[in-house]
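Reading through the structure tokens given below for one structure.
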Amino acid sequence: MDNLLTVIIPVYKTFSTIDRCIGSVVGQDYRHLEIILVDDGSPDGCPAKCDEWAARDSRIRVIHKPNGGLGDARNSGLDAMNGSYVTFVDSDDFMAAGTLRALMDTLSAHPEYDILEYGVCRFYGSPKQEMLAFADGEYRNIDDYWLEARAYAHAYMWNKVFRRALFDSVRFPPRRAFEDIFTLPQLLGRASCVATTHSGLYYYCMNGGGITATAGGNELRALLDSHMRVIGAYRGKPGFGPYYMHVLNIQLSVSALTGDAPRLTDAPAGPLGVAGASARLKAVALRLLGIGGLCRAYRLFWRACRLVGGSGAVPA
């Protein structure tokens, strides 16, 4: 018999996209699903929409709760789930037909996989649209997955299927920006094998009011904090240089927006594995100025850009 897969869909102020989202899940040819819609106190017509879908499909359950944020809504779904595997879908996104069948067939053939990651069309429908594709692969050394597969750069919850047991003592932090990057390392610490697959596709849709588009200093502080919790464990390991540069970009943005002293320490010795003119320039400046000097220079550059261009955006 097919494994029961729980699909948790938090819902908040997505009336214009919720039908597309739920329809893409209900229409999957993998039928052994438990679909939990978590109405996170949405003030529009979403609660009624959720109830309408539940009336049409017995696999759907609805949880109505006061607003607590994305992490809290996901936690409510986790507390109520019955599946042996779980995945998450944001209610402004959707998935391609046949995705769940391909993923669950892979997990059935490889019961040792604790996490299975699949491809994403990022920023679907916007000028920034791009594909994040994976080859079939498996990682029994989780450090290799984080560093060599650069999981830190796609640490999303919604393009992965998780073994339920990973969440036995893990929950999302309530009302914390970028909760995925805070939570995924905890799950990886409990996993023995992570796999990637070329099968399946998740459509991540650009939301002008979402955290990715509107993040300011406080939100980016939370993102930096999540990385600072784990980066020390990877220092000196193969692939650390590109990870360091990834976190450096976040640190520079935080310093520019807030004036905070840097939390990131100076770069490790040896090559940093950077590509592209901008990244190489940052690497050279880092060697010359150190992390503190680079953050100060970057903040001055950002302030000058604001004076000239009038934009609050942080330069790349």
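The values are calculated or read from the model by the stated rules, or taken from the named source; none is laboratory data. These numbers were taken from a predicted model, which means no experiment stands behind them. Cβ coordinates were reconstructed from backbone atoms using ideal geometry, including for glycine residues, and neighbour counts include every protein chain displayed.
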Kindly indicate the residue of region 172-184 that is surrounded by fewer than 19 Cβ atoms within 10 Å (Cβ to Cβ) and either outside the structural domain of TYR152 (by TED's automatic domain parsing) or not charged (D, E, K, R) (or both) and also nearest to the chain's Cα centre (by Cα) among those meeting that condition. PRO173
How many residues does region 254-271 hold that are under 17 Å from LEU289 (Cβ atoms) and polar (S, T, N, Q)? 2
Taking region 123-142 as the search range and keeping residues that are among the acidic types (Asp, Glu) and in contact (Cβ under 8 Å) with a residue 12 or more places away in the chain, which one is nearest to GLY200 (Cα to Cα)? ASP136
So which of ASN67, ASN75 ends up being assigned to a loop (DSSP other than H, G, I, E, B) and of a type outside the set (Ser, Thr, Tyr)? ASN67
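Which one of these is part of a loop (DSSP other than H, G, I, E, B), among the charged types (D, E, K, R) and out of contact with any Lys or Arg (no Cβ under 6 Å at 6 or more places or on another chain): GLU112, GLU138?
Values: GLU138 fails: part of a loop (DSSP other than H, G, I, E, B).
The match here is GLU112.
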Scanning region 214-238 residue by residue, those surrounded by fewer than 17 Cβ atoms within 10 Å (Cβ to Cβ), part of a loop (DSSP other than H, G, I, E, B) and at pLDDT below 95 turn out to be GLY216, ARG235, GLY236, LYS237, PRO238
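Does region 16-26 contain any residue that is at pLDDT 95 or above, in a loop (DSSP other than H, G, I, E, B) and in contact with a helix residue (DSSP H, G or I) (Cβ under 9 Å, 6 or more places away or on another chain)? Show your work before the answer.
Here is the first cut: in region 16-26, the residues at pLDDT 95 or above are 16-26.
Then drop every residue that is not in a loop (DSSP other than H, G, I, E, B), which leaves 16-17.
Add one more test, that the residue is in contact with a helix residue (DSSP H, G or I) (Cβ under 9 Å, 6 or more places away or on another chain), and what stays is none.
Taking every residue of region 16-26 in turn, none turns out to be at pLDDT 95 or above, in a loop (DSSP other than H, G, I, E, B) and in contact with a helix residue (DSSP H, G or I) (Cβ under 9 Å, 6 or more places away or on another chain).
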Name the single residue, out of those in region 231-246 being touching a residue at least 60 places away in the same chain (Cβ under 8 Å) and out of contact with any Asp or Glu (no Cβ under 9 Å at 6 or more places or on another chain), that is nearest to VAL274 (Cα to Cα). PRO242
Mind listing just one residue for me: the one in region 239-260 that is within 17 Å of ALA153 (Cα to Cα) and of a type in the set (Gly, Ala, Ser) and, of those, surrounded by the most Cβ atoms within 10 Å (Cβ to Cβ)? SER253
Among the residues of region 135-178, write down those that are over 22 Å from ILE250 (Cα atoms) and in contact with a His (Cβ under 9 Å, 6 or more places away or on another chain). ALA135, ASP136, GLU138
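Could you say which residue among ALA256, ALA285 is touching a Lys or Arg at 6+ places or on another chain (Cβ under 6 Å), outside the structural domain of GLY189 (by TED's automatic domain parsing) and assigned to a helix (DSSP H, G or I)? Give the derivation first.
Details: ALA285 fails: touching a Lys or Arg at 6+ places or on another chain (Cβ under 6 Å).
Of ALA256, ALA285, the one residue that is touching a Lys or Arg at 6+ places or on another chain (Cβ under 6 Å), outside the structural domain of GLY189 (by TED's automatic domain parsing) and assigned to a helix (DSSP H, G or I) is ALA256.
What about ARG263, is it surrounded by fewer than 19 Cβ atoms within 10 Å (Cβ to Cβ), modelled with pLDDT of 95 or more and of a type outside the set (S, T, N, Q)? Break it down into steps so the answer makes sense when it comes.
Numbers: surrounded by fewer than 19 Cβ atoms within 10 Å (Cβ to Cβ): yes; modelled with pLDDT of 95 or more: yes; of a type outside the set (S, T, N, Q): yes.
Yes: the conditions hold for ARG263.
Would region 174-195 turn up any residue that is hydroxyl-bearing (Ser, Thr, Tyr), over 23 Å from ARG74 (Cα atoms), assigned to a loop (DSSP other than H, G, I, E, B) and modelled with pLDDT of 95 or more?
First pass over region 174-195, keeping only residues hydroxyl-bearing (Ser, Thr, Tyr): 183, 192.
Remaining after also requiring over 23 Å from ARG74 (Cα atoms): 192.
With the extra rule that they be assigned to a loop (DSSP other than H, G, I, E, B), the set shrinks to 192.
Checking which are modelled with pLDDT of 95 or more leaves us with 192.
Yes - at least one qualifying residue is present in region 174-195.
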Here the qualifying pairs (Cβ atoms under 8 Å; residues six or more apart or on different chains; first in region 27-56 and under 19 Å from ALA102 (Cβ atoms); second modelled with pLDDT under 95 and part of a loop (DSSP other than H, G, I, E, B)) come out as TYR30/ASP2; ARG31/ASP2; HIS32/MET1; HIS32/ASP2; HIS32/ASN3
Looking only at region 140-161, decide whether some residue is touching a Cys at 6+ places or on another chain (Cβ under 7 Å) and at pLDDT 95 or above. yes
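Of the residues that make up region 79-87, is at least one in the same structural domain as ALA191 (by TED's automatic domain parsing), of a type in the set (Asp, Glu), surrounded by fewer than 18 Cβ atoms within 10 Å (Cβ to Cβ) and over 17 Å from the mean Cα position of the chain (by Cα)? Write out each step before concluding.
Pass one, region 79-87, residues in the same structural domain as ALA191 (by TED's automatic domain parsing): 79-87.
From the residues that got through so far, the ones that are of a type in the set (Asp, Glu) too are 79.
With the extra rule that they be surrounded by fewer than 18 Cβ atoms within 10 Å (Cβ to Cβ), the set shrinks to 79.
Next, only the ones that are over 17 Å from the mean Cα position of the chain (by Cα) stay: 79.
Among the residues of region 79-87, at least one is in the same structural domain as ALA191 (by TED's automatic domain parsing), of a type in the set (Asp, Glu), surrounded by fewer than 18 Cβ atoms within 10 Å (Cβ to Cβ) and over 17 Å from the mean Cα position of the chain (by Cα), which makes the answer yes.
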Matching option when the condition is of a type in the set (A, V, I, L, M, F, W, C), within 28 Å of ASN3 (Cα to Cα) and under 14 Å from the mean Cα position of the chain (by Cα), among ALA102, ALA133, ALA155: ALA155
Residue under evaluation ALA102, criteria (1) surrounded by 14 or more Cβ atoms within 10 Å (Cβ to Cβ); (2) assigned to a strand (DSSP E or B), criterion not met: (2)
